[in-house]
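Written out below as structure tokens is the structure these notes cover.
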Amino acid sequence: MKTVAVSTPGKAITLRDGSVVALRDANVNDENAVLELLRSLSIHAVSMRFGTVAVHLPSAACGAAAHPGVIAFTPDGHCVGHAWYVETMARRAEMALVVADRYHGRGLGTILVKRLTQMAALRGIDVLEAYVLLDNAPMTELLRDCGIPMRTRRDAGGTAFELDITPKIASAA
């Protein structure tokens, strides 16, 4: 079933492979599009994103769409990427990212993270946090290579990233 977001227009972005997506700020009306994206993920991708496959996807989509974020759509209106953050304390937030399996390796995740950091910095966030499971090497590589100053801390289950996105990042857009 195809669920097209109510308002998909956004800035056209060309990915590494030449494909084009529309990128825009996400809003609560994107819940069904985010749910479509989550339902399209492989079991492995769900496990890497949520740390388990036992996740109620409609609740996850509702929660994700309720927070500030950035969303990407194909020209035909399918959601293929979403990044969002949840404020955890003053000037800090935890970020999350999901990219459709078929869009891995095209640069969409990096674009979403960079745009999310700009959005968060403009809204007064200084640090974005992310916890990445040890098995999720592609996400670890994406964050390490995104060009944003950070601190990392590794434990038995994964790596905690703290991206320093002070407002000077916002002006780099």
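The values are calculated or read from the model by the stated rules, or taken from the named source; none is laboratory data. All values derive from a computational prediction rather than experimental measurement. With ideal geometry, Cβ positions are generated from the backbone for all residues, glycine too; neighbour counts draw on all protein chains shown.
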| Any idea which residue in the range 40-54 is farthest from V99 (Cα to Cα), counting only those that are more than 15 Å from the chain's Cα centre (by Cα), outside any helix (DSSP H, G or I) and aliphatic (A, V, I, L, M)? | A54
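Given the condition surrounded by 20 or more Cβ atoms within 10 Å (Cβ to Cβ), of a type in the set (A, V, I, L, M, F, W, C) and under 24 Å from A72 (Cβ atoms), answer yes or no: does some residue in the range 146-160 qualify? Let's see the steps before the verdict.
Here is the first cut: in the range 146-160, the ones surrounded by 20 or more Cβ atoms within 10 Å (Cβ to Cβ) are none.
No, the range 146-160 contains no residue that is surrounded by 20 or more Cβ atoms within 10 Å (Cβ to Cβ), of a type in the set (A, V, I, L, M, F, W, C) and under 24 Å from A72 (Cβ atoms).
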| note | Of (1) at pLDDT 95 or above; (2) buried (at least 16 other Cβ atoms within 10 Å of the Cβ); (3) not hydrophobic (A, V, I, L, M, F, W, C), E87 satisfies every one except (2)
| remark: Taking first residues from the range 38-54 that are under 17 Å from V80 (Cα atoms) and second residues anywhere that are of a type in the set (S, T, Y) and in a helix (DSSP H, G or I), the pairs with Cβ under 6 Å that are 6 or more apart or on different chains are none
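May I ask you to verify whether V70 is part of a strand (DSSP E or B), surrounded by 18 or more Cβ atoms within 10 Å (Cβ to Cβ) and in contact with a Ser or Thr (Cβ under 9 Å, 6 or more places away or on another chain)? Give the derivation first.
Working: part of a strand (DSSP E or B): yes; surrounded by 18 or more Cβ atoms within 10 Å (Cβ to Cβ): yes; in contact with a Ser or Thr (Cβ under 9 Å, 6 or more places away or on another chain): no.
It is false that V70 is part of a strand (DSSP E or B), surrounded by 18 or more Cβ atoms within 10 Å (Cβ to Cβ) and in contact with a Ser or Thr (Cβ under 9 Å, 6 or more places away or on another chain).
Condition check ((1) hydroxyl-bearing (S, T, Y); (2) more than 28 Å from I43 (Cα to Cα); (3) in contact with a helix residue (DSSP H, G or I) (Cβ under 6 Å, 6 or more places away or on another chain)) across all residues:
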residue	(1), (2), (3)
A54	no, no, no
G77	no, no, no
G109	no, no, yes
M119	no, yes, no
V127	no, yes, no
G157	no, no, no
E162	no, no, no
| Any residue in the range 135-144 that is loosely packed, with under 15 Cβ neighbours inside 10 Å, without any contact (Cβ under 8 Å) to a residue 40 or more places away in the chain and part of a loop (DSSP other than H, G, I, E, B)? | no
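If you check L37, L128, L97, L112, which single one turns out to be under 22 Å from T166 (Cα atoms), at pLDDT 95 or above, of a type outside the set (S, T, N, Q) and part of a helix (DSSP H, G or I)?
Details: L37 fails: under 22 Å from T166 (Cα atoms); L128 fails: part of a helix (DSSP H, G or I); L97 fails: part of a helix (DSSP H, G or I).
Answer to the check: L112.
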